[in-house]
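The values are calculated or read from the model by the stated rules, or taken from the named source; none is laboratory data. Bear in mind that the values here come from a model prediction, so they are computed numbers and not experimental data. In this analysis, Cβ positions are derived from the backbone assuming ideal geometry, glycine residues included, and neighbour counts consider all displayed protein chains.
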Amino acid sequence: MIFEHFPVGPLQCNCVILGDEERGEAIVVDPGGEASRIFARLGELNMKCVGIVHTHTHFDHVGGTAELQELTGAPTLLHEDDLFLYEKGGLQMQLDTFGIPLKIGEPPAIDRFVADSDVVVCGEQEVAVLHTPGHTPGSICLQAVGSTPVIASGDTLFAGGVGRTDLWRGDTEQMMRSIRDRLLTLPDDAIIVPGHGPATTIAQEKRNNPFLAMR
């Protein structure tokens, strides 16, 4: 299994490439920008992108979607509860709110909505969808199971932090419930790759994350 990540875009969102080496197929999680760089890395890994998956639809996580889809022809997937932030001016509204002087057109259509307990397949690798609302209504985490579970947690759980809930339809109680019930129940050695910043483990967050002290 290939699982690597690197920061892209103006807010340095962690883009994740998760793939099956033998079959040469991968999914790309959160292409927040620099689509040509992501595409080049897929080529270096000899991987064909078979899916573009969003943990949520804030602009810094979806900024490279249109270009990457054009380069790869891969379908785009997200949770339907986040569609309002993605289409019908939702992305432009986000940019305007943050004062980012960029005008964008309509993003590419969504090819598949994913829901809790769904599986996204690349080659022989199955990636489980965990619906973890709170940062946004449709926030998801993606769990790949190898010798050690690895989770792309989006902006739900960070090393030493949790996702903000003061943006569009964020919900603090829901966020903490998602973390408690869906993430902290994972094995202690499970690796967490958040939407921003360094990777961590469930054990480290149980010990050190101040936001979880009152869970």
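Scanning segment 169-179 for residues that are of a type outside the set (A, V, I, L, M) and crowded, with 20+ Cβ neighbours inside 10 Å turns up at least one hit.
In segment 1-32, the qualifying residues are those that are in contact with a helix residue (DSSP H, G or I) (Cβ under 8 Å, 6 or more places away or on another chain) and not in a strand (DSSP E or B), and the one that is surrounded by the fewest Cβ atoms within 10 Å (Cβ to Cβ) is Pro10.
Looking across Thr97, Thr76, one residue alone is surrounded by fewer than 20 Cβ atoms within 10 Å (Cβ to Cβ) and among the hydroxyl-bearing types (Ser, Thr, Tyr). It is Thr97. Remark: pairs (first residue in segment 120-134, under 22 Å from Met175 (Cα atoms) and free of Cβ contacts under 8 Å to residues at least 40 places away in the same chain; second residue among the small types (Gly, Ala, Ser) and buried (at least 23 other Cβ atoms within 10 Å of the Cβ); Cβ separation under 6 Å; 6+ apart in sequence or on different chains) are absent.
Counting the residues of segment 111-153 that are surrounded by fewer than 20 Cβ atoms within 10 Å (Cβ to Cβ), among the β-branched types (Val, Ile, Thr) and in a loop (DSSP other than H, G, I, E, B) gives 2.
Close contacts from segment 49-72, counting a first residue that is closer than 21 Å to Gly163 by Cβ and acidic (Asp, Glu) and a second that is outside any helix (DSSP H, G or I) and modelled with pLDDT of 95 or more, with Cβ to Cβ under 7 Å and a gap of 6+ residues or different chains, come to Asp60/Cys13. Against the criterion of being in contact (Cβ under 8 Å) with a residue 24 or more places away in the chain and exposed (fewer than 13 other Cβ atoms within 10 Å of the Cβ), Glu205 does not qualify.
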